[in-house]
1. Can you pull out every residue in region 158-196 that is of a type in the set (Lys, Arg) and either part of a strand (DSSP E or B) or open to solvent by 20 Å² or more (accessible area, probe 1.4 Å) (or both)?
2. Which of the residues that make up region 66-115 are of a type in the set (Phe, Trp, Tyr) and open to solvent by less than 10 Å² (accessible area, probe 1.4 Å)?
3. For a quick check of your reading: which strands (runs of 3 or more DSSP E) sit entirely within region 197-311 and have at least 3 residues that are over 20 Å from Met407 (Cβ atoms) and touching a Pro at 6+ places or on another chain (Cβ under 8 Å)?
4. Please work out which one of (1) surrounded by fewer than 18 Cβ atoms within 10 Å (Cβ to Cβ); (2) under 21 Å from Lys281 (Cβ atoms) is the condition Met407 fails and give its number.
5. Please work out if Lys495 is modelled with pLDDT of 95 or more and either within 24 Å of Tyr105 (Cα to Cα) or touching a Gly at 6+ places or on another chain (Cβ under 6 Å) (or both).
6. Filter region 441-482 for residues that are part of a helix (DSSP H, G or I), within 21 Å of Arg63 (Cβ to Cβ), in contact (Cβ under 8 Å) with a residue 24 or more places away in the chain and open to solvent by 50 Å² or more (accessible area, probe 1.4 Å) and give the result.
7. Collect the residues in region 323-343 that are among the aromatic types (Phe, Trp, Tyr) and either surrounded by fewer than 18 Cβ atoms within 10 Å (Cβ to Cβ) or part of a helix (DSSP H, G or I) (or both), keeping them in residue-number order.
8. Can you tell me how many residues within region 508-531 are open to solvent by 10 Å² or more (accessible area, probe 1.4 Å) and not in a loop (DSSP other than H, G, I, E, B)?
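The values are calculated or read from the model by the stated rules, or taken from the named source; none is laboratory data. Since this is a predicted model, take the numbers as computed values, not measurements. In this analysis, Cβ positions are derived from the backbone assuming ideal geometry, glycine residues included, and neighbour counts consider all displayed protein chains. With ligands, DNA and RNA removed, areas are computed over all heavy atoms of the protein, side chains included. Shrake-Rupley method; radii C 1.70, N 1.55, O 1.52, S 1.80 Å.
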Amino acid sequence: MGSLQIFSVLFFSLFLAKCYYSKEEDFLQCLSKYSETNITQNIYTPGSPIYSSILEYAQKNPRWLNSSHPNFIASPKEESEIRPVILCSKKTGLQIKIKSGGHDYEGISFRSESPFVMLDLSNLNKIKIDLKEETIWVQTGATLGQLYYAIAKKSKVHAFPAGVCFSVGTGGIISGGGLGALMRKFGLAADNVVDARVMDVNGKILDRKMNEDLFWAIRGGGGASFGVILTWKLKLVRVPEKVTVFTIRRELEGNLTLLRKWENIAHQLPEDLFVRAFVQKGVFSEGNDTKNHVGFYFQGQYIGPVDELIPLLNQYFPEFNLERKDCFKENITADAEKECFEVPWIRSVLYFSWRNPNDSLEVLLETSIPTHKNYNKGTSDFVKTPIPESGWEMIEKLFREEERPQMVFEPFGGKMYEISESEIPFPHRKGNLYTIQYFVSWDDNSESISSQKIGWIRKLYKEMEPYVAKSPRTAYLNYRDFGLGTNEEDYSYSKAKIWGEKYFKGNFERLAKVKSKVDLKNFFRSEQSVTPYQLSY
């Protein structure tokens, strides 16, 4: 390389560094201009001592820990600090990525190919309960665990229908829909939102009265496409003082008839009874070769006491052989063929998160960074007709090829069938027997291992095509999958519609029209954000 070329490279590198530094400096100066308080004390750069720990905590799936990092992390402690971040990001050409909990299968909330600010809402976690009105205001940085804990501290007969993983942030799960163990009785989390406060692209706070269309869009349409959701107003639901939870484990070989029976009737069970199914390796840890052993188990919840549950199971699933005495045993082994507990609702939350229901409720408030890195990939489907025997044989065959595969089957019916496809953006209602979540995890995040694991789940997803919903093949927004398609550089509506209809079906067009009204220039954007209607630039 000649001296002139070397000089050119050095000059260009200095030019880029100067531009980057200028943008960073401009952003901080802008914040000071728009903020009435010292907001910069809650703004972190890669050189800040706690930058790495905030980012690591954000990435519940750490596959992207060494990929693109935010230029700034904004961790506001007051809602008023968000407006300057939005305005100054716009002014200096930075994107905003919004994180509440961090359970984000594709890392949308904490990575980007463009310079960006990660807006970390975890400090905004205040919760205010009104038992007289039976409502609750919750800031969207609160986790489900914090929400459930707050409800249980106030009442033994109230609950909220949302997800089973309590470290998920309320901002993300509710805006994506919110499947959970109570959905057959009460619907999704998003079905039980009665108001919200959202900060738009201009820093203005809107509620339901001010923009009914926006309120419709953020309940299942993905809030981060439209603005920053500040708080939800949720409708509490009533539950009895005791509910019953149970697990039934079986080997897949020889028990396929039972699994296929579940397929046919789980959506028809009384709405108080929720029974989901798992297929995975190592259901029984002893006496089997877990490398090749494929098993399944049912995990159930009945909204009522044991004495009401047992007659129902004897009627619908006598094969479970569950007896009243099974629900009051002590020292049940983790791989027991059956187990059962009669507990307050809040302890069913622990059970569905694979905790002992007798653990301290304070585990719901955990915020520590996991020491074990569990890399993973997920995707989803909805099913309208039972899978034939050939389909289950294919699943078993592919499961034997993988070390830690899992499929989770969650039944619909009940309240889920009573709500129309267009009531909120989540369209997957009557006609769907259940949803499937496909999942694979691994410990070594080297490129070769990651590619192998992702290749396996892609193969399984492709082989499942004949057995799942079609025209379009549908998916659940909260199990994001870039394999369904992504926005290209022009962010055109026609291209976004390809993946958008898989999540939202016919509701995608209405979402895009709402987007045009509240964010025409498409400031809040990502690889799978709703695009303005027919916009191309």
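1. First pass over region 158-196, keeping only residues of a type in the set (Lys, Arg): 184-185.
Passing the criteria: only Lys185.
2. Passing the criteria: Phe72, Phe110.
3. Numbers: elements: 228-235, 243-251, 273-281, 294-302.
Correct list: 243-251.
4. (1)
5. Values: modelled with pLDDT of 95 or more: no; either within 24 Å of Tyr105 (Cα to Cα) or touching a Gly at 6+ places or on another chain (Cβ under 6 Å) (or both): yes.
Spelling it out, it is not the case that Lys495 is modelled with pLDDT of 95 or more and either within 24 Å of Tyr105 (Cα to Cα) or touching a Gly at 6+ places or on another chain (Cβ under 6 Å) (or both).
6. Arg458, Lys459
7. From region 323-343, those among the aromatic types (Phe, Trp, Tyr) are 328, 341; that's our starting set.
If the condition is that a residue be among the aromatic types (Phe, Trp, Tyr) and either surrounded by fewer than 18 Cβ atoms within 10 Å (Cβ to Cβ) or part of a helix (DSSP H, G or I) (or both), then Phe328 is the only one that fits.
8. The number of residues fulfilling the criteria is 6.
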